[in-house]
Structure formats: structure tokens, C-alpha cells
Amino acid sequence: MFSNFTVVRLNKNETPPPWNSTAFLHGRGCADHPYVVESMERRKHAPYLVASASMSSLWVHGVRWQDFSSSSTKYLRVIRDRPALIRTLGEVFWRTHYEKQSCKDVDFVVYREVETMIPDCLTIHSLQGVTTTLSRGVEGKFGFRHTSDILQNFVPHPFRGGKVAHKGFCSFLVKFNSSRPTSMFSSPIYDIDAIIRHMFFLQLSEYKSKLFACYVIIQPRRSLMKPVQECERITDCPGGPYTSFECMAGYKFHITMENTMVDGYVSEKLFNGALAGGIPVYFGAPDVAKYFNEKSFIHCKLSRRVIQKMRSFYPRGQKSRPFLFGNSLHPTDTELLSWADTYLRPQLNPCVKRVMELDKNDEKYESILHQPFIVNEDIMSGVYPLKGITLAYNTLRNLDGNGFTIVPSNVDD
């Protein structure tokens with residue numbers, strides 16, 4: 001049975017609910033608000049719960065129950081006469097930093113992946129590709145409601161119909177030049193994983209070099225669209241990343257690869273490919289098939305061992321850092337591409353061959369093209385992770401037993 005939740009955003013000057021209401025309070029940006037201060041104080045004095053072993057490190061409908069042993073649950077507080085306090089964490093690129101956080105001040109965190117263990121936290125998994133769809137509103141041609149219908153094949157796809165005529169072989173929405181990858185790594189946020197999509201683009205282009213080749217759509221801002229013999233950039237894709245599928249429409253394939261490989265992290269990129277009307281070519285979350293229909297796109301499955309090996313030469317960090325291979329800590333573009341090619345060419349070959357197979361076989365291509373992208377209605381309806389949130393919330397309110405033990409609080413913990 002679902003609970004009816006009220007989400008309180010005090011930074012929008014909404015009136016706080018009564019203390020005994022079923023509410024989530026996101027205190028970001030209003031930490032000094034009297035309601036937030038009092039909520040924190042009430043939480044500090046609330047008793048905490050000790051979970052049974054059966055709940056340890058268990059995912060339930062998109063909510064993770066961490067390893068709540070008696071020594072690690074001083075932050076798993078009972079919710080009584082107060083709202084549930086939540087915090088939203090941002091990009092997955094800082095996940096090493098997040099591992100150092102805890103739930104000292106909140107009951108839940110909302111996060112975009114399921115691989116990182118955030119200590120002592122009830123973690124709500126948020127599929128970024130789903131939540132960003134809401135940025136276009138609920139109604140309208142590409143609002144959340146109609147997008148959901150399109151992706152489940154409930155209504156005709158706006159960029160498909162009859163015999164598809166394609167203006168290009170593949171689209172690639174990307175900020176950096178694939179031939180100059182060192183510019184990308186001048187930014188501190190990227191894992192080495194981010195080079196994979198560029199290597200795939202270059203490798204795929206080799207197969208199409210004598211035909212109309214891949215088009216690259218790059219942001220921002222200048223337009224260049226003409227048939228070429230080699231891959232060429234197409235600039236000027238107006239709007240933001242959540243509407244860029246309109247620039248990608250008309251291409252047979254779409255390179256929609258994530259910046260990093262991590263379970264549960266599925267950004268707007270794959271959604272853009274599904275909405276653009278061609279077949280998405282995906283790399284990213286190894287568990288993507290748990291959420292979306294893998295028959296509707298090409299999933300490039302790379303060895304985690306190979307990725308981990310490459311990461312060892314470019315460890316994660318929040319500051320610009322050197323590469324740990326060769327004679328130079330700062331390789332040239334040629335050196336970096338050559339190094340990456342050694343690891344990735346055999347990994348990407350099966351995916352390249354699959355694209356070429358479908359490119360030459362219209363029947364097989366069409367059979368994939370018309371697969372629904374979403375076959376699990378829970379993904380777009382909100383049932384995932386609402387069932388898990390309801391269970392966790394009711395447990396913290398001591399409405400469900402579930403084998404938890406209530407321990408009096410000690411504000412000095």
C-alpha cells in the first residue's frame with residue numbers, strides 16, 4: 001500500500017506542513033529555515049532502528065538498505081512528529097567523494113547509480129533519464145506523459161513511420177573532438193571511461209570511410225551539414241541536452257554512450273537516442289537491461305576488468321591529474337589514442353560489427369527499430385522506486401515491524 005507523500009520545498013516559500021504529516025523535506029538552500037532547524041533537532045533526539053540481518057545491503061524496489069548493524073545505525077532514526085529529511089546527490093563523477101558522506105543529518109539520499117555504497121544511508125535510486133524527462137513538463141509533444149507513451153510504443157513515434165529515409169548513417173552528440181581527446185581530460189570530472197565513445201566513433205568511421213560517414217553533432221553552436229567521405233562534426237544543436245534528440249532525428253544510428261561505466265547510471269543520452277528515431281548504440285550501465293528493453297538498442301558490453309585496468313592509469317579525483325603511462329604524464333593526442341586503442345579495439349569490435357550487420361540488413365534493422373524502449377511500466381509510472389520508498393518510510397515511522405529493534409537515542413553519538 002503506497003503512502004501519500006507531500007514533498008516540501010521551503011525555498012519556494014511553501015507553507016510547512018503539520019509535524020505529524022507524511023512529508024519529505026528537502027532542506028537544500030534553506031538550512032537556516034526555522035522548520036528545517038526544528039526538523040533536524042527532532043531527528044537528533046529520535047530513537048534509531050537496528051535492522052535484521054535479512055535487510056543488510058538489500059535493494060527493495062529501488063531503495064537500498066545499507067549494512068545496518070548495531071554499530072552502524074545511529075543515523076537510521078525513527079520518524080515521529082517530523083518530516084523525513086532527504087538530500088539529492090549530483091554527478092556520479094564525484095562518487096569517491098560521496099563514499100565519505102553519511103546520513104548524520106538526513107533520512108534518505110537520492111542518487112543516480114546503485115554501485116556506490118554511501119555509509120549508513122537509505123539510498124533512493126533515481127534513473128536520471130527518467131527524471132530529466134520531467135524537465136520538458138508533463139504535457140506537450142515531448143512532455144513526460146507523451147514521452148512515456150512514445151517509448152512504450154503506445155502511440156506512433158514522431159520520427160518514424162513507413163519506410164524510413166535517413167539523412168545520415170549515425171549521429172554523435174558530443175562536446176569534444178574525438179581526434180583531440182586530451183582536451184577532454186583537462187576537465188577534472190571525467191573518468192577514462194569517457195574516451196570509449198570517441199574510440200567507438202573513430203573505429204566505426206573506419207568501416208564507413210568510403211560512404212556517407214557518421215555525422216557528429218557537437219554543442220555548441222555552428223551548423224555544417226553536407227555529405228562527406230569521412231566523419232564530420234555537425235554543430236549548432238539549440239536548446240539543452242534534454243531536447244537534443246531533435247538534432248539527432250533522421251540518422252540511422254545514434255552513439256549514446258555514457259561518460260562512465262557504473263551500475264544504475266542511465267542518463268538522458270540513451271533516452272535521446274530512443275526519442276530520435278534511430279537505433280541507439282549504448283555503453284554505460286552494465287545493468288541497463290534491468291530498466292529498459294535491451295532488444296531496442298545495441299548494448300556494447302565491455303569487460304569490467306579492462307575498464308578497471310585503464311582506470312588504474314588515470315585514477316579518479318576531483319582535480320586535474322596526470323596519466324600514469326608512457327614516458328610522459330601528459331600524453332599527446334596521438335599517444336593517448338594509441339594507448340586507448342590497444343585496450344578498446346578488441347572490446348568494441350563486436351559492437352562495430354553489429355552496427356554494420358544491421359546497416360546492411362533492412363529486415364533486422366526494422367525489427368529492432370520497432371521494439372518498445374520501455375516494457376516495464378513501473379519505470380515511467382513512478383512505481384519504481386515508490387514501493388521501496390513506502391516500505392522504508394513506513395519502517396522509519398515504526399508502522400511496519402520488519403524485524404527492527406528500536407534503540408533509544410544518544411545525542412552524544
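The values are calculated or read from the model by the stated rules, or taken from the named source; none is laboratory data. Remember, predicted model here, so these are calculated numbers, not experimental data. With ideal geometry, Cβ positions are generated from the backbone for all residues, glycine too; neighbour counts draw on all protein chains shown. In case anyone asks, the SASA skips ligands and DNA or RNA and just uses the protein heavy atoms, side chains included. Shrake-Rupley method; radii C 1.70, N 1.55, O 1.52, S 1.80 Å.
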Is there a residue being modelled with pLDDT of 90 or more and within 28 Å of MET199 (Cβ to Cβ) anywhere in the stretch 371-385? yes
Any helices (runs of 4 or more DSSP H) falling wholly within the stretch 302-388 and containing at least 3 residues that are open to solvent by 70 Å² or more (accessible area, probe 1.4 Å): 304-312, 333-360, 362-369
Could you look through the stretch 265-287, keep only residues that are more than 17 Å from ARG197 (Cα to Cα) and surrounded by fewer than 24 Cβ atoms within 10 Å (Cβ to Cβ), and pick out the one that is modelled with the highest pLDDT? ASP287
Any residue in the stretch 268-296 that's within 19 Å of VAL352 (Cα to Cα): show its pairings with residues that are among the basic types (Lys, Arg) and not in a helix (DSSP H, G or I) at Cβ separation under 6 Å, as long as the two are six or more apart or on different chains. GLY278/LYS252
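Scan the stretch 278-292 residue by residue and report those that are part of a loop (DSSP other than H, G, I, E, B) and either within 22 Å of PRO181 (Cα to Cα) or within 19 Å of the chain's Cα centre (by Cα) (or both).
Answer for the stretch 278-292, where residues must be part of a loop (DSSP other than H, G, I, E, B) and either within 22 Å of PRO181 (Cα to Cα) or within 19 Å of the chain's Cα centre (by Cα) (or both): PHE283, GLY284, ALA285, PRO286, ASP287, TYR291, PHE292.
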Take the residues of the stretch 266-324 that are of a type in the set (Val, Ile, Thr) and touching an Asp or Glu at 6+ places or on another chain (Cβ under 9 Å): which is nearest to ALA340 (Cα to Cα)? ILE307
Only one of TYR98, TYR75 that is modelled with pLDDT under 60 and closer than 23 Å to LEU25 by Cβ: TYR98
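Each row is one residue, and each column tells you yes or no for (1) open to solvent by 40 Å² or more (accessible area, probe 1.4 Å); (2) within 23 Å of the chain's Cα centre (by Cα).
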{"site": "ASP105", "(1), (2)": "yes, no"}
{"site": "CYS121", "(1), (2)": "no, yes"}
{"site": "GLY129", "(1), (2)": "no, yes"}
{"site": "ARG145", "(1), (2)": "yes, yes"}
{"site": "PRO158", "(1), (2)": "yes, no"}
{"site": "PHE169", "(1), (2)": "no, no"}
{"site": "ILE195", "(1), (2)": "no, yes"}
Please tell me if LYS295 is open to solvent by 20 Å² or more (accessible area, probe 1.4 Å) and not in a loop (DSSP other than H, G, I, E, B). yes
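Conditions (1) under 17 Å from MET184 (Cβ atoms); (2) modelled with pLDDT of 95 or more; (3) in contact with a helix residue (DSSP H, G or I) (Cβ under 9 Å, 6 or more places away or on another chain), marked per residue:
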| residue | (1), (2), (3) |
| --- | --- |
| SER320 | yes, no, yes |
| LEU324 | no, no, yes |
| THR332 | yes, no, yes |
| LEU336 | yes, no, yes |
| GLN347 | no, yes, yes |
| CYS351 | no, yes, yes |
| MET356 | no, no, yes |
| ASP359 | no, no, yes |
